[in-house]
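Below you'll find the structure, written out as structure tokens, and then a few comments.
The values are calculated or read from the model by the stated rules, or taken from the named source; none is laboratory data. Owing to the predicted nature of the structure, the values given are computational and were not obtained by experimental measurement. Heads up, the Cβs are rebuilt from the backbone with ideal geometry, glycines too, and the neighbour counts pull from every protein chain shown. Just so you know, the surface numbers come from the protein's heavy atoms only, side chains and all, with ligands and any DNA or RNA stripped out. Shrake-Rupley method; radii C 1.70, N 1.55, O 1.52, S 1.80 Å.
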Amino acid sequence: MKRFISRFVSMFLAFSWAIGHAYAQPSIEQFKQVFVKTMEQLKSEGYSRRNIVFVDVVKGTPSGGYYPFKVTAYVHDYAPGYPSNQYYGQTCLGKIEGYKYDMVKDDFGSWIVQGAFTARDNNCKNNASEGDESIPLASVPGKLYMPGKEDVKENKMPVATSNLYIGEYACYGTGNRLMAGMGFTLKSNKTYVDLDNRRGGTYTYNAKNATIAFTGGFLSGQVGKNVKPTGFQISNTVTAAPWR
């Protein structure tokens, strides 16, 4: 009997341990990943970019498989419009202030987030020119979320001088489509490198003419025009913009 009881207790403890670890409380980073993915799926038609800037995320006390989080964040949406028709779209900024969300497992064991996903006080303004943001993302307080990069720097865009953003860029072609393999990083020492940190060269920024010229590397000979904190034009069909 003692042996039976001992085995029963051992099995019970092992089972309890497995259940507890299978449903361990998700981290704030896990919550952000699922939350941002859900917000991206809910982006309105016509908007090419949606960025989430977190001000505060706080864990609550779990109850019955529900893991609560309290969120304050900004939702920044950009629509390119139709430049050929002289309409350059609009930029919208809304705020999620102190909303409560529950993170739970679905029927297949994946995390989902439940709650209200409509931002309040949504403010939309028409963009003044192609590629311009009427409400600059750099002006939004908080921490810009980038997948796989937790504790991102405060959303104050560093500049080498004037309007040039120093950091990681992505390139977009016709229809604002991301061009794979064309990303690069501008460094503050006047050099640039591709995202594999293999090919690179130097660059010269002319603040007066708002241009950036590349020497060496895969962008050698290219001249970016109309340099702004939101990026610059490499050609009539290619735009470089800070990666978000």
Discussion item. Out of everything in the range 72-87 that is outside any strand (DSSP E or B) and closer than 12 Å to Asn127 by Cβ, what residue ends up being least open to solvent (accessible area, probe 1.4 Å)?
Written reply: Gly81
Discussion item. One residue is enough: does the range 211-225 have a residue meeting the conditions aliphatic (A, V, I, L, M) and at pLDDT below 90?
Written reply: no
Worksheet item: surrounded by fewer than 16 Cβ atoms within 10 Å (Cβ to Cβ), aromatic (Phe, Trp, Tyr) and modelled with pLDDT under 90, is that true of Tyr66?
Response: no
Worksheet item: Just checking, how many residues over the range 202-244 are at negative phi and either open to solvent by less than 70 Å² (accessible area, probe 1.4 Å) or touching a residue at least 60 places away in the same chain (Cβ under 8 Å) (or both)?
Response: 30
Discussion item. Residue pairs, Cβ under 7 Å, 6 or more apart or interchain, first in the range 78-93 and modelled with pLDDT of 90 or more, second aliphatic (A, V, I, L, M) and open to solvent by 50 Å² or more (accessible area, probe 1.4 Å). List them.
Written reply: Tyr88/Ala128
Discussion item. Considering only residues that are within 19 Å of the chain's Cα centre (by Cα) and at pLDDT 80 or above, which ones fall in the range 161-178?
Written reply: Tyr165, Ile166, Gly167, Glu168, Tyr169, Ala170, Cys171, Tyr172
Worksheet item: Would a scan of the range 124-142 turn up a residue that is touching an Asp or Glu at 6+ places or on another chain (Cβ under 7 Å) and over 30 Å from Thr239 (Cβ atoms)?
Response: no
Worksheet entry | the range 88-136: number of residues that are out of contact with any Ser or Thr (no Cβ under 8 Å at 6 or more places or on another chain), loosely packed, with under 14 Cβ neighbours inside 10 Å and not in a strand (DSSP E or B) | 8
Response to the item:
Selection from the range 39-55 of residues in contact (Cβ under 8 Å) with a residue 24 or more places away in the chain and open to solvent by 30 Å² or more (accessible area, probe 1.4 Å) yields Leu42, Lys43, Ser44, Gly46, Tyr47, Ser48, Arg49, Arg50, Val55
